[in-house]
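Asker: The structure's right below; bear with me while I get my questions together.
Bear in mind these aren't lab numbers, they're just calculated from the coordinates by the rules spelled out. Computed from a prediction, not measured in an experiment: that's the story for all the values here. Cβ atoms come from the backbone with ideal geometry, glycine included; neighbour counts cover every protein chain shown.
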Amino acid sequence: MLTNVLDAATPPTTKPGQDAENASRGRHDPEKLRRYLNAYWLRPENALWMTLRSDALERVSFATPAIDVACGDGIHTFLHLGGAFDPDFDVFEAVGSLDRVRDGHADMFDVPAASYAPTIVTKPRMRIDTGLDLKPNLLSKAARLGLYERLTPHDGNERIPLPTDSFRTVHCNAAYWVRNVNGLLAELARITQPNGRVVLQVKLDTIQACTFESLRETLGDRFLDILGRGRFATWPALASRDVWERRFERAGLEMTDLQPFITAAHARMWDVGLRPLAPLLVRMANALSPETRSSIKRDWVDLFNELLAPLRRFDLSLSTVPGTPVEIQYVLKPR
């Protein structure tokens with residue numbers, strides 16, 4: 001168990017009533033995209049997606065006590081809450097299984113964190129009380145950030161091992177990864193205080209139309225497997241907006257706000273991006289001398305920061321007709 005692993009860290013102070021200030025801070029921060037690019041530089045399309053997730057999250061505050069469900073390595077939440085790393089740090093420094101990423105659909109980040117040492121230059125503006133995730137290796141990485149008071153392994157298909165009415169803010173951006181999604185939503189409702197809220201960012205099944213899948217007969221199975229790496233098989237709860245909203249109702253959750261923030265245009269670019277090259281790019285970057293890697297990364301981040309900044313908008317469309325959203329943020333409260 002990884003509970004209470006952060007007792008030695010010193011939390012930044014968050015005063016009562018500061019949540020509204022926390023919510024507005026950084027909403028139009030022009031440097032946010034750069035911070036995400038520094039962390040995810042070899043997957044710039046992911047950096048843009050995570051920046052848009054953060055921009056949507058600026059609509060709500062993380063009132064405490066708060067829980068981050070499926071927190072992973074914690075990098076996204078750390079950056080969203082204003083944390084910053086030394087430019088030389090990125091998530092690709094501690095990876096493994098690169099030879100199995102393409103054909104075995106391995107997670108390159110699910111490796112022991114023995115040598116993982118993020119260089120933090122700015123602490124996040126608050127701490128999160130609890131982080132849950134399925135993968136202990138990712139929780140070990142999250143423990144190095146000084147962000148979470150407590151980290152606990154948890155399978156989203158199972159009951160959350162925490163008391164009822166524990167949290168004012170329950171955040172999750174991975175519900176569509178969970179097979180027993182109805183059970184998860186009911187659990188999120190259960191652990192939320194009566195005056196609290198659940199903040200969910202969910203993918204819609206409209207993303208399936210933003211891929212090369214319709215050209216399978218022409219392009220072949222191997223082409224699509226190289227591009228997709230089994231993505232849709234890992235998203236068993238992917239559904240339409242109507243289905244998601246019926247799920248919320250069955251779980252005892254009432255919608256108070258929604259914000260579409262990823263469009264079909266974003267998804268079409270992300271469908272290819274640098275995903276097929278990522279294992280090779282990581283191998284190449286990590287074989288460079290620290291000086292050369294740092295120099296190339298700096299120029300790379302400068303280029304993509306300029307290239308992607310105009311795409312950082314919730315209404316991006318490839319035509320004059322507004323596109324169908326593929327990811328929506330819902331804010332819900334227990335009924």
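Asker: Under 15 Å from the Cα of Lys333, which aspartates and glutamates turn up, not counting those fewer than eight places away in the same chain?
Answerer: Asp165, Glu187, Glu245, Glu249, Glu254, Asp257
Asker: Still on this structure, I have one more. Let me know the shape class of the chain, please: from the alpha-carbon gyration tensor, a ≥ b ≥ c as square roots of the eigenvalues, rounded when a/c is under 1.5, otherwise prolate if a/b is greater than b/c, or oblate.
Answerer: Rounded is the answer for the chain, as its axis ratio a/c remains below 1.5.
Asker: Then there's this: Rounded, prolate or oblate: which one fits region 102-157, using the alpha carbon gyration tensor with axes a ≥ b ≥ c (rounded when a/c is under 1.5, else prolate when a/b beats b/c, else oblate)?
Answerer: Verdict is oblate for region 102-157.
Asker: Which value, in debye to the nearest 20, gives the size of the charge dipole of region 19-334 about its Cα centre, when Lys and Arg are +1 and Asp and Glu are -1 at the Cβ?
Answerer: Here region 19-334 has a charge dipole of around 160 debye.
Asker: Take Ala233 and Glu249, extend 7 Å from each Cα along the Cα→Cβ direction, and tell me the distance between the two endpoints in nm.
Answerer: With each label point 7 Å from Cα toward Cβ, the separation is 3.5 nm.
Asker: Then there's this: Can you give the FRET efficiency to the nearest 0.05 for Ala117 and Arg59, using r as the Cβ-Cβ distance and R₀ = 41 Å?
Answerer: It comes to 0.75.
Asker: Still on this model: Please state the relative contact order of the chain as a whole percent: Cα pairs under 8 Å, 6+ residues apart?
Answerer: 22 percent
Asker: Next question. Please compute the modelled spin-label separation between His28 and Asp225, points set 7 Å along Cα→Cβ, answer in nm with one decimal.
Answerer: 5.0 nm
Asker: Can you sort Glu217, Glu93, Glu254, Glu58 so the residue with the fewest Cβ neighbours within 10 Å comes first?
Answerer: Glu217, Glu254, Glu93, Glu58
Asker: Full extension from Lys135 to Glu213: what is 0.36 nm times the residue separation minus their Cα-Cα distance, to one decimal in nm?
Answerer: 25.1 nm
Asker: Among Thr119, Thr64, what is the fewest-to-most ranking by other Cβ atoms within 10 Å?
Answerer: Fewest to most other Cβ atoms nearby, the residues stand as Thr119, Thr64.
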